[in-house]
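*Asks:* I have a structure I would like to understand better, so I am pasting it below and will then ask my questions one at a time.
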Amino acid sequence: MARVFHATAGSGRSASRRAARTEPAPAAAPSTTSGSGGRGGIVAGYLAPHPPHLVYAENPPQNEPRSTGGWEVLRWGYEELRRRLRAHAPDVLVVHAPHWITMVGHHVNCVPNPRGVSVEPIFPHLFRYHYDFRTDVDLAEAIVEEGARAGLVTSAMREDGVRVDYATIGALHLANPDWDLPVVSLSANNNPYFYSDASLAEMETLGEATRKAIEKTGRRAVLLASNSLSHLHWDAEPDLPEDMGVERPFTHAQYAGDMELLRTIREGPTSRLKEAVPAHIEATSSETKAGSLTWLMAAMGWPAIAGDVLAYGTVIATGNAVVEWVPT
Amino acid sequence: MIPAALVPAMPHLLAGDPADSWAELAAATRTVGDRLRAAGVDTVLLLSTQWFTVLGHQVQCDDRLRGRRTDENWYAYDYGHLDHDLAVDTELAHAWADAIDAAGMQARRTRYDGFPVDTGTVVASKLLDPHDEGRWAMVSCNLYADPAAMAAVAAAGVRAADQLGRRLGVVAVSGLSSGLTARWIRPSEDRVEPEHDRWNRKVLDAVRAGDRSAVLAMREEFAVAAQADSQFRAFAFLDGSGAVDRPGEVLAYGPVWGTGAAVVWWGEHTNTRET
Ligand SMILES: [Fe+2]
């Protein structure tokens, strides 16, 4: 097992870096109709994992800590995701991520311009990210409405002061580091006190509501389901967090569980995931228990297609895959 | 004996228009603060189950935690917006981290601008120390730490405080059952479901009896049967400080949005300044 990271108290080096950092690129204003001129609807969906290590390894100007790299294969997968995402010419990115935990209902970020610094409480040495992006408020509100209409407890979050979590930022940054597309961010309805699993049935309802809202507003949307796969991990870290000499799956069983799921994804159709996802959660404590992948599949209507696995790799032993689905 | 307490984590205790149980729990937490001051406590060792982490044991080493916490779930309520200004006993924090390392565990010294202080810590500190006069030494709740590790972390804090000659209080911020009501409710609708309520009372009866081994023995079953907050490892932390091997005084118990919450005090309770 890797040894734990011993943090040096304070961050004098980060302060000087902060002073020199580059401001994030200005974000585009949200469009009110499909800006691409193409058809609306969900044009692609991605499994887009969010370990803060990947953002740390990229060394973007928005993130204070510096790295020497690491986890390259996953990051190359994200490079391919970015190329494909551009080709889909979306109006908006819609992300469901598991670390904006809301105990009562499903919340949608309706703040027009979320801005701030997100210091990650678990990995503060890796992720202190200055964010500044635009929300597609019309679509966000439409998802709140459609979710409520479907019987879910939903809330429109309009508070500037709510810190945007690292999973939301991580997936969005890795998919679109220029932040030049409007965003809609959905919370994970969960109970942090008991670390319970999300109701996958509710996530299906939320996915269907998301699709209806996208169709109603005429958006051309790309969806990001921000979950890792197998989720057992080290409780310690090497002195150099990006030391790839100690990076490997937690166990062969965890790896094999991920491969079984990815085989199912690559073979298709997606309807097989209705059984495969719960079985994978059972076998590997997969982070898909937070429901993001189920939400994505339901939003796309469980299309009879295969997914394209762009990359797989472990991060502190958790399994992570970058996967694309393009509905026909 | 070190004075110790268990106090709730939920922000509803600070509501302007509280349910009766929220008001009782808040008043009891203020009473604990009065008693800690009456006991001449220099620094409170604080564990909040809402500061959950996965790598090692994070010890807060920033000397001042000043800011505003906007809760990501409760932001629509007055109690979802909480200013905080906490003074950290950094000498003790560093000594505690050293003691954790020396005990063969892994301490992570945490000091970052803008570090998000969890709601439980803010709520407890505002009620225990309404005038921001106290000093704190805070450690995270590792999701994977077993009860023995939680106890060892607390014991390391007590050793560190002894070496520095600090008069110590120990507080765990944690709920009991965590069956949250999954919809927006009026305060008057708040209640703990009967099975969870039975379990909470059973645990509190053992606490009242001063039977720490009974509490520890039923902890796992409690965790499963009543979804106990962080498997009620908060009690293992308190036990590690050596402070709960005597009857606990249950100052309040009641629902907070369906979860069970209690305020328990272990220690002297004369010369209080209760109001
Ligand atoms: Fe995660």
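The values are calculated or read from the model by the stated rules, or taken from the named source; none is laboratory data. Computed from a prediction, not measured in an experiment: that's the story for all the values here. Heads up, the Cβs are rebuilt from the backbone with ideal geometry, glycines too, and the neighbour counts pull from every protein chain shown. These accessible areas exclude ligands, DNA and RNA; they are computed on the full protein's heavy atoms, side chains included. Shrake-Rupley method; radii C 1.70, N 1.55, O 1.52, S 1.80 Å.
*Asks:* Say whether the condition of being polar (S, T, N, Q) and open to solvent by less than 20 Å² (accessible area, probe 1.4 Å) is met by at least one residue in the range A:143-154. Outline the logic, then answer.
*Replies:* Within the range A:143-154, the first condition is being polar (S, T, N, Q), and the residues that meet it are A:154.
Those still in the list that are open to solvent by less than 20 Å² (accessible area, probe 1.4 Å) too: none.
No, every residue in the range A:143-154 fails to be polar (S, T, N, Q) and open to solvent by less than 20 Å² (accessible area, probe 1.4 Å).
*Asks:* Give A:Pro60, A:Pro90, A:Pro65 a once-over and let me know the one that is within 14 Å of chain B (Cβ to nearest Cβ), assigned to a loop (DSSP other than H, G, I, E, B) and farther than 16 Å from A:Gly291 by Cβ. Steps first, answer last, please.
*Replies:* Working: A:Pro60 fails: within 14 Å of chain B (Cβ to nearest Cβ); A:Pro90 fails: within 14 Å of chain B (Cβ to nearest Cβ).
Step by step, each of A:Pro60, A:Pro90, A:Pro65 is checked, and only A:Pro65 is within 14 Å of chain B (Cβ to nearest Cβ), assigned to a loop (DSSP other than H, G, I, E, B) and farther than 16 Å from A:Gly291 by Cβ.
*Asks:* Something else about it: Being crowded, with 20+ Cβ neighbours inside 10 Å, part of a strand (DSSP E or B) and more than 17 Å from the chain's Cα centre (by Cα) is the filter here, so list the residues in the range A:107-116 that pass it.
*Replies:* Here is the first cut: in the range A:107-116, the ones crowded, with 20+ Cβ neighbours inside 10 Å are A:107-111, A:114.
Imposing the further condition that a residue be part of a strand (DSSP E or B) reduces the set to A:107-109.
Matches in the range A:107-116: none.
*Asks:* Further question: Tally time: how many residues in the range B:140-172 are within 13 Å of chain A (Cβ to nearest Cβ) and either assigned to a strand (DSSP E or B) or open to solvent by 30 Å² or more (accessible area, probe 1.4 Å) (or both)? Step through it out loud before you land on a result.
*Replies:* Within the range B:140-172, the first condition is being within 13 Å of chain A (Cβ to nearest Cβ), and the residues that meet it are B:140-146, B:149.
Those still in the list that are either assigned to a strand (DSSP E or B) or open to solvent by 30 Å² or more (accessible area, probe 1.4 Å) (or both) too: B:140-144, B:146.
Of the residues in the range B:140-172, 6 are within 13 Å of chain A (Cβ to nearest Cβ) and either assigned to a strand (DSSP E or B) or open to solvent by 30 Å² or more (accessible area, probe 1.4 Å) (or both).
For every residue, the table says whether it meets (1) of a type in the set (S, T, N, Q); (2) open to solvent by 10 Å² or more (accessible area, probe 1.4 Å).
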{"site": "B:Ala5", "(1), (2)": "no, no"}
{"site": "B:Trp22", "(1), (2)": "no, no"}
{"site": "B:Leu46", "(1), (2)": "no, no"}
{"site": "B:Gln58", "(1), (2)": "yes, no"}
{"site": "B:His94", "(1), (2)": "no, yes"}
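*Asks:* Might you check whether a residue that is within 13 Å of another protein chain (Cβ to nearest Cβ), open to solvent by 30 Å² or more (accessible area, probe 1.4 Å) and touching a residue at least 40 places away in the same chain (Cβ under 8 Å) occurs anywhere in the range A:163-184? Write out each step before concluding.
*Replies:* At the first step, the residues of the range A:163-184 found to be within 13 Å of another protein chain (Cβ to nearest Cβ) are A:163-168.
Restricting the remaining residues to those that are open to solvent by 30 Å² or more (accessible area, probe 1.4 Å) gives A:163.
Applying the additional criterion that residues be touching a residue at least 40 places away in the same chain (Cβ under 8 Å) yields A:163.
Checking the range A:163-184: at least one residue is within 13 Å of another protein chain (Cβ to nearest Cβ), open to solvent by 30 Å² or more (accessible area, probe 1.4 Å) and touching a residue at least 40 places away in the same chain (Cβ under 8 Å).
*Asks:* Could you grab me the full set of residues in the range A:98-117 that are at pLDDT below 95 and more than 10 Å from chain B (Cβ to nearest Cβ)?
*Replies:* A:Pro98
*Asks:* Quick test for you: out of B:Leu216, B:Leu180, B:Leu176, B:Leu204, pick the one residue that is under 26 Å from B:Trp96 (Cβ atoms) and either in contact with a helix residue (DSSP H, G or I) (Cβ under 6 Å, 6 or more places away or on another chain) or open to solvent by less than 70 Å² (accessible area, probe 1.4 Å) (or both).
*Replies:* It is B:Leu216.
*Asks:* If you don't mind, another one. Mind counting the residues in the range A:215-265 that are closer than 21 Å to A:Ile42 by Cβ, more than 16 Å from the ligand (Cβ to nearest atom) and not in a helix (DSSP H, G or I)?
*Replies:* 6
*Asks:* Restricted to the range B:183-201, and to residues that are assigned to a helix (DSSP H, G or I) and crowded, with 19+ Cβ neighbours inside 10 Å, which residue is nearest to the other protein chains (Cβ to nearest Cβ)? Give the steps one after another, and end with the answer.
*Replies:* From the range B:183-201, those assigned to a helix (DSSP H, G or I) are B:187-189, B:194-201; that's our starting set.
From the residues that got through so far, the ones that are crowded, with 19+ Cβ neighbours inside 10 Å too are B:196-197, B:199-200.
Values: B:His196: 11, B:Asp197: 16, B:Trp199: 13, B:Asn200: 14 Å.
My answer is B:His196.
*Asks:* Only residues in the range A:215-231 that are open to solvent by 10 Å² or more (accessible area, probe 1.4 Å) count as the first member; pair them with residues that are in a strand (DSSP E or B) and within 12 Å of the ligand (Cβ to nearest atom), Cβ under 6 angstrom, at least 6 apart or cross-chain, and list the lot.
*Replies:* Cβ pairs passing all conditions: A:His231/A:Thr318.
*Asks:* Which condition from (1) touching a strand residue (DSSP E or B) at 6+ places or on another chain (Cβ under 7 Å); (2) more than 16 Å from the ligand (Cβ to nearest atom); (3) at pLDDT 95 or above is the one that A:Pro24 breaks?
*Replies:* Condition (3) is where A:Pro24 drops out.
*Asks:* Of the residues that sit in the range B:46-103 and are in contact with a His (Cβ under 9 Å, 6 or more places away or on another chain) and of a type in the set (Asp, Glu), which one is nearest to the other protein chains (Cβ to nearest Cβ)?
*Replies:* My answer is B:Glu72.
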